[in-house]
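The values are calculated or read from the model by the stated rules, or taken from the named source; none is laboratory data. Predicted model only: the values in this text are computed from it and were never measured. A quick note on method: Cβ atoms are made from the backbone with ideal geometry, for glycine too, and the neighbour counts reach across all protein chains shown. Ligands, DNA and RNA are stripped out before the accessible areas are found, and what is left, the full protein with its side chains, is counted by its heavy atoms. Shrake-Rupley method; radii C 1.70, N 1.55, O 1.52, S 1.80 Å.
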Amino acid sequence: MAGLTPWLVWSNLLMAGSAAGWVVCTALLLGLPVDPVVVGQAFLLTAVFYLRDRMAPAEQHADRFTMPARTAWLAARAVVLRRLGRVLAALAVATVVLRPACLPWLLGGLGLSVSYTVKWIPRRGGRVAWKQLPAAKEVLVALLWTVVTVLVPVTVTHGPWSRPTALTAAAVWCLVATQILVNDLRDVDEDRRHGTRSLPVLIGPPAARLVGCLLCTAAILATPGLTPLALATAATALGYRREHDARWRPWIEAQGLLAAALLVLR
């Protein structure tokens, strides 16, 4: 079990680093300054909410089937990880104090995120969470990423609300949605069991892979500068297999870092 520690640390860092990478991409694509506070904010917020989701009892129940070793590691260190989450949250609040212009976007995203797993929406005599609505996982989580990594940086740096900004937001949404779709391919059996109507549950994994390719194509059309990453993301959607998850995981979770690296090298 101890051997899982480095892998879990790197996994969390990749997810948070991916969000920071998308902020850098937004700045490079739109010719905006790279604000280190906003980059740090994206990193911290992603780390906080990723940790919160993984520690939620409902999520851990599902993760015991798809990622049993990691879930056991998290459960054994729950107290320490919750303390870490509070520290990261305090640092994230500090970035908001330094860049108050981001507050309206983040408050909207916070409300969506907090309510994401809470069963509060009336439906067919019961209540469901956002994530249980048809294909809502792909749509809503990608929207949250787009708010934090595109809309917030543009607002804080007084960037233009123009066609290039809208196209960049659309491209990021498409690529992040495909990344989430790949994760849903991994979780398709558990999502069926718990009534979460992700895209692979609704239309089946083969058709969901095709949708991922179409989303990547849309990203290329919206922002040609992201073509190499979009092609790599499409290849991941087509080639991913749950039994080889460990091989694909770094490419999935480091998506934004790869995008930033490609643009910097270009």
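Just to be sure I understand, how many residues within segment 160-190 are closer than 14 Å to GLU138 by Cα and either touching a His at 6+ places or on another chain (Cβ under 8 Å) or outside any helix (DSSP H, G or I) (or both)?
Selection size over segment 160-190: 1.
List pairs: first in segment 13-27 and in contact (Cβ under 8 Å) with a residue 24 or more places away in the chain, second outside any helix (DSSP H, G or I) and among the β-branched types (Val, Ile, Thr), Cβ under 8 Å, 6+ apart or cross-chain?
From segment 13-27, the pairs are VAL23/VAL34; VAL24/VAL34; ALA27/VAL34; ALA27/THR157.
Would segment 240-255 turn up any residue that is within 19 Å of the chain's Cα centre (by Cα), of a type outside the set (Gly, Ala, Ser) and within 21 Å of ALA166 (Cα to Cα)?
yes
Right, ILE203: of a type outside the set (S, T, N, Q) and touching a Ser or Thr at 6+ places or on another chain (Cβ under 8 Å) or not?
no
Any residue at all in segment 139-147 that is closer than 20 Å to GLY256 by Cα, in a helix (DSSP H, G or I) and of a type in the set (Phe, Trp, Tyr)?
Yes, that holds for at least one residue.
Would you confirm whether or not segment 145-161 contains a residue that is of a type outside the set (Ser, Thr, Tyr), farther than 23 Å from VAL93 by Cβ and either touching a Phe, Trp or Tyr at 6+ places or on another chain (Cβ under 8 Å) or open to solvent by 30 Å² or more (accessible area, probe 1.4 Å) (or both)?
Looking for residues that are of a type outside the set (Ser, Thr, Tyr), farther than 23 Å from VAL93 by Cβ and either touching a Phe, Trp or Tyr at 6+ places or on another chain (Cβ under 8 Å) or open to solvent by 30 Å² or more (accessible area, probe 1.4 Å) (or both), one finds at least one in segment 145-161, hence yes.
Does LEU215 fit the bill of being modelled with pLDDT of 95 or more, farther than 25 Å from ALA136 by Cβ and aliphatic (A, V, I, L, M)?
Against the criterion (modelled with pLDDT of 95 or more, farther than 25 Å from ALA136 by Cβ and aliphatic (A, V, I, L, M)), LEU215 does not qualify.
Return the pair list, or none, for Cβ contacts closer than 9 Å from residues in segment 213-237 that are surrounded by 15 or more Cβ atoms within 10 Å (Cβ to Cβ) to residues that are among the acidic types (Asp, Glu) and in a helix (DSSP H, G or I), at least 6 apart or on different chains.
If the second residue must be among the acidic types (Asp, Glu) and in a helix (DSSP H, G or I), the pairs left are LEU215/GLU138.
Counting residues that are of a type outside the set (S, T, N, Q), modelled with pLDDT of 90 or more and open to solvent by 80 Å² or more (accessible area, probe 1.4 Å), which helices (runs of 4 or more DSSP H) fully inside segment 46-109 reach at least 1?
Those helices (runs of 4 or more DSSP H) span 78-98.
Only one of (1) open to solvent by less than 20 Å² (accessible area, probe 1.4 Å); (2) under 28 Å from ASP35 (Cβ atoms); (3) touching a residue at least 24 places away in the same chain (Cβ under 8 Å) is not met by GLU190, so which one is it?
With (1) open to solvent by less than 20 Å² (accessible area, probe 1.4 Å); (2) under 28 Å from ASP35 (Cβ atoms); (3) touching a residue at least 24 places away in the same chain (Cβ under 8 Å) applied to GLU190, the lone miss is (2).
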